[in-house]
1. When the Kirkwood radius is taken over all Cα pairs of segment 30-142, what Stokes-Einstein diffusion coefficient follows at 10 °C and 1.306 mPa s, in µm²/s?
2. Among DSSP bridges having both ends in the chain, what percentage is antiparallel? Round to the nearest 5.
3. From the cross-link list Lys92/Lys218; Lys123/Lys214; Lys18/Lys58; Lys54/Lys113; Lys18/Lys214, which pairs have alpha carbons spaced over 30 Å apart?
4. Report the full-extension gain for the segment Glu49 to Arg112: residue separation times 0.36 nm, less the Cα-Cα distance, to one decimal in nm.
5. Size of the dipole of segment 153-200 about the Cα centre, Lys and Arg at +1 and Asp and Glu at -1 on the beta carbon, nothing else charged, in debye to 20?
6. So what are the three principal axis dimensions of the chain from its Cα atoms, in whole Å, longest to shortest?
7. Normalised by the residues of the chain, what does the relative contact order come to in percent, with Cα pairs under 8 Å and at least six apart?
8. Using 7 Å Cα-to-Cβ label points, what is the Arg96/Lys123 separation (nm, one decimal)?
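Each value in this text was obtained by applying a stated rule to the coordinates, not by laboratory testing. Please read these numbers as outputs of a predicted model, since none were measured by experiment. Every residue, glycine among them, receives a Cβ derived from its backbone with ideal geometry; neighbour counts consider all protein chains shown.
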Amino acid sequence: MDNGINILDIEIQPCFAKEALKKAITYMETDPVSVIRMVTATELMNLNEDVRCKEILKESDMILSGDGLVLEAASIRERRVLQETEEKTFLKMFFRYLHKKHARVYVLAQTRKEAEDCCRYLKRKYGGIQLLEDVGVTEEAGADDRLVNAINGQEADCVISLLPSPLQESFLCTNRDRLDVRIWLGAGESLRSIARKSKPGPVGRFIIKHIFKKELEKSSKEDS
């Protein structure tokens, strides 16, 4: 499944997890930094009114769906793709790859607790990953230089970002060319859902689906 789908003017690749992993491994073997983003319906809606952030997101090397609602909106009915998306199969396969390679991974989050939750999950499930001690937090003003120096100084192979939008897009816009890493993985809501074993229940999912559908209809009318 190589053909991309356009959702709210964002090109998303509805590929199987193995296909996505092959691309990610290629990125790990090449320079400069490659950006992989996993976006959910909620994240797409939050970005839809921010033209600048959407343009930065479009510059990602690979954009994957972080939940089934995005694929359903594009009328993707391939059962395997939908199942892998809901189960976050690509993330788990990529983490296993990092585990086997003993990759050096820098976790970047907005709060210390969020970073610790992610690290706790990775240590429990993928102990071979070398989690760098100085977990990045971007709460203070003027933190970009400190973070870039910390990431590069610790010779990280990969950055796992849980930063929300537009903070993530702003950081990448300013600092992408300064990062000496192979992959920036923007996992956000997708990683939080498996690290905390939490996801919207049937009612919450229905509400998100309803709002997302309205947003798509609104966007379609504006484009016509």
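1. 98
2. 15
3. Among Lys92/Lys218; Lys123/Lys214; Lys18/Lys58; Lys54/Lys113; Lys18/Lys214, the Cα-Cα distance tops 30 Å for Lys92/Lys218; Lys123/Lys214; Lys18/Lys214.
4. 19.8 nm
5. The dipole magnitude comes to about 340 debye.
6. Dimensions of the chain along the principal axes of its Cα atoms: 49, 35, 33 Å.
7. Across the chain, relative contact order equals 26 percent.
8. 2.4
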